[in-house]
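For reference, the structure is listed below as structure tokens.
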Amino acid sequence: MRPGEILNRFTGKDGREVVLRPPRWEDLDDLMEYINSLVDEGADIAKDQKVTREQEADWLARELTEIEKGNIFSVVAEVDGKVIASSEIAKRGGYSRHVGGLGMGTRKGYRGIGIGTKLL
């Protein structure tokens, strides 16, 4: 998996084109806006406070490193050039290294059109 490599392209149920691909450094601002929108709506995610650009940059740097190492499989969904959803499977360590944790989310306004199904 290479940053920016298109994994899938499809038309959502609402007619919008969706591109699935690994995240890339250029997604930083979109990813920050995306996660903060989920925090604003009180979504059931690991974050309960908005992140700063610096915090998001630190997270993205770690994410890209772990993708390169093969410890994380991460995919973003892009509509009209903007990241609006993400999915990640992260390997656990130690005796649980055969287990992965799954996380995913979709920004409000893009739900119910098939993006989550394709991300899985």
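In the elastic network of the chain, a GNM with C-alpha springs shorter than 10 Å, the most mobile of LEU64, LEU28, LEU102 is LEU102. For the residue pairs LYS50/LYS118; LYS47/LYS118; LYS82/LYS118; LYS47/LYS108; LYS13/LYS91, alpha carbon separations beyond 20 Å are given by LYS50/LYS118; LYS47/LYS118; LYS13/LYS91.
Under 37 °C and 0.692 mPa s, how fast does the range 8-81 diffuse according to Stokes-Einstein, given a Kirkwood radius computed over C-alpha pairs? Answer in µm²/s, whole number. Once the numbers are plugged in, D ends up at 242 µm²/s.
Shown for LEU31, LEU60: other C-beta atoms within 10 Å of each C-beta, ranked fewest to most, produce the order LEU60, LEU31.
As a rough footprinting exposure proxy, the listed residues SER86, SER96, SER74 were ranked by other beta carbons within 10 Å of their own, and the order from fewest upward is SER96, SER74, SER86. Exposure proxy for VAL76, VAL19: other Cβ atoms within 10 Å of each Cβ, ordered fewest to most, give VAL19, VAL76. Each of ILE67, ILE45, ALA85 was scored by the projection of its Cα onto the charge dipole of the range 40-99, and the greatest displacement toward the positive side belongs to ILE67; charges sit on the C-beta of Lys, Arg, Asp and Glu. Give the residues of the range 3-41 whose amide nitrogen is closer than 17 Å to a point set 7 Å from the Cα of THR52 in the direction of its Cβ. 29, 32-33, 36, by backbone N distance to the label point. With a Förster radius of 30 Å applied to the beta-carbon distance between ARG16 and PHE73, the computed FRET efficiency rounds to 0.75.
We did not get these values from a lab; they are worked out from the coordinates using the rules stated. Here the structure is a predicted model, which is why all the values come from computation and not from measurement. Note that we place each Cβ from the backbone using ideal geometry, even for glycine, and neighbour counts take in every protein chain shown.
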